[in-house]
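What follows is a short report on a single structure.
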2 protein chains.
Amino acid sequence: MDKQQLFENIKRKKTFLCVGLDTDIKKIPEHLLKEEDPIFAFNKAIIDATADLCIAYKPNLAFYESMGVKGWIAFEKTVKYIKDNYPDQFIIADAKRGDIGNTSAMYARTFFEELDIDSVTVAPYMGEDSVTPFLTYDNKWVILLALTSNKGSHDFQLTEDANGERLFEKVLRKSQEWANDDRMMYVVGATQGRAFEDIRKIVPDHFLLVPGIGAQGGSLEEVCKYGMNSTCGLIVNSSRGIIYVDKTEKFAEAARTAAQEVQAQMAEQLKRVINNQ
Amino acid sequence: MDKQQLFENIKRKKTFLCVGLDTDIKKIPEHLLKEEDPIFAFNKAIIDATADLCIAYKPNLAFYESMGVKGWIAFEKTVKYIKDNYPDQFIIADAKRGDIGNTSAMYARTFFEELDIDSVTVAPYMGEDSVTPFLTYDNKWVILLALTSNKGSHDFQLTEDANGERLFEKVLRKSQEWANDDRMMYVVGATQGRAFEDIRKIVPDHFLLVPGIGAQGGSLEEVCKYGMNSTCGLIVNSSRGIIYVDKTEKFAEAARTAAQEVQAQMAEQLKRVINNQ
């Protein structure tokens, strides 16, 4: 999917919501445990209930890997289900990979060739040759960690160099030498508030993947105020705040209601972008 | 496995070699492709040929993930084979994971509970709460990226802060607040030469996992000169330089010969540690 298509989807559906599929066997409704593949059964129900309200799904690899082979099967089935039934969805493999060149190339092969996923989250610590192998595929995206939503983001990402540039700013600046806003996005946590202003000075046109609303406490309004640009420029993720609001047989309906609430707020925020076109 | 056991293995076997199982279906000998599980068949032969010459195995997750479900099966079988047949081996899941707390906890569950692996490599970019979930298991280790072997290590890891402290030094210093040398190791590339001197000033007692000899060009002699401490303190990895030296039916013998050469050099280097005891 290219940037224009993504923006068209956002305008058409009046949402920039990404539903995070952090599917944990210990948290899904009990009645699903008798299914042959409970993880996939859960995902399928969530996807069917929310697909018209979001433009992206983000399976978090950790949750699938923790189930071993069964988890991988559920992950692959989930990706295939989305692609077959909702081909306008942007799929994000939230994997936070990054390794030396030949290893990153293997990860790229997994996500982009084997699974034909649109994008993968990548950690920048190992630098250019750990990221560029992901950039050689047409219409596939790297979503590079910049300023994350967690408390630990303060440990290293905010470290200033001798010129006063913070590490996450250096990541934003340096990585633009590797790819432009047609192939790269950045992770910026919703909990980072006004840092979005500083970030937009460095990457005015890029899409940002924004986790951290809902369970982690970030504010959608603040994210839009400081982070939205003329092509929206935001994919805002919610995981626990949507998929786990109810644990009865009505979990999918409840997820839909939660997603509807977010979508309505997003439609409101999008007015300024759409009206300005 | 605790630090003392690891050092005992090193002294007894006169080696601190880790064999990297970067097993790529495109690189293994052709005759194995007719096996039911070619990746596992290759690993099994390599392990049987080298187990007395090394103290650790490091499967690189990227290579298994790129094969999807089949790859995960091969990975799990490999881990089980090592544990069943060579229980003195220290197993490193080279995964370079690191995510927000609840996600890192899922990864920790995968590697430490489900698979009972000794250690996992972790990326530090997301800070404390992305690392600490891996530190709650007895006799399990985090191997944190500090100064990696690749060219891209210069992009961010060497950035100096206002006080002249480089990012990798900050990672070494800060992470000691989270765990000591009984539970934490660091990745330092063999290509980093004299940086080992600086690193030993900050972490004199920790084990370092050192990739980058062989195909990547690092020197074992230099690594030992600047990096060895009184309990050896080094686990030196070789992957391509051992597992892919021959692609005929004699691949395992050739791997053994390559491993023997490295082991002989290591035995020589270990004299100074063992003689000083």
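What follows is calculated from the coordinates using simple rules that are stated; it is not laboratory data. Predicted model only: the values in this text are computed from it and were never measured. With ideal geometry, Cβ positions are generated from the backbone for all residues, glycine too; neighbour counts draw on all protein chains shown.
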Under a straight-distance cross-link criterion of Cα-Cα below 16 Å, which aspartates and glutamates are reachable from residue B:13, leaving out those fewer than 8 residues away in the same chain? B:48, B:52, B:88, B:261, B:268
Expressed as a whole number of Å, what is the distance separating the alpha-carbon centroids of region B:34-58 and region B:136-186? 30
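222 nm [θ] for chain B, helices only, -39500 (n - 2.57) per DSSP H run of 4+, per residue, to 500?
Values: 12 runs with 117 residues, N = 277.
Result for chain B, helices only: -12500 deg cm²/dmol.
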How much net charge surrounds residue B:1 when only the other residues with a Cβ under 15 Å from the Cβ of residue B:1 are counted, with Lys and Arg +1 and Asp and Glu -1? 0
The answer for the net charge of residues other than residue A:151 whose Cβ lies under 9 angstrom from its Cβ, with Lys and Arg +1 and Asp and Glu -1, is -3
Starting from a label point 7 Å past Cα on the Cβ side, list the distances from residue A:221 to the same position in the other copies, nm, shortest first. 6.8
Under 5 Å from the placed amide H of residue B:141, counting only residues 5+ away or on other chains, we find B:119, B:120
Identify which of B:114, B:76, B:36 has the largest mean-square fluctuation in a Gaussian network model of chain B, with springs joining Cα atoms closer than 10 Å. B:36
Say a label goes 7 Å from Cα toward Cβ at residue B:160 in every copy; what distances in nm does this one have to the rest, shortest first? 1.7
If R₀ is 25 angstrom, what is the calculated FRET efficiency for the pair residue A:27 and residue A:81, using the beta carbon separation as r and rounding to 0.05? 0.80
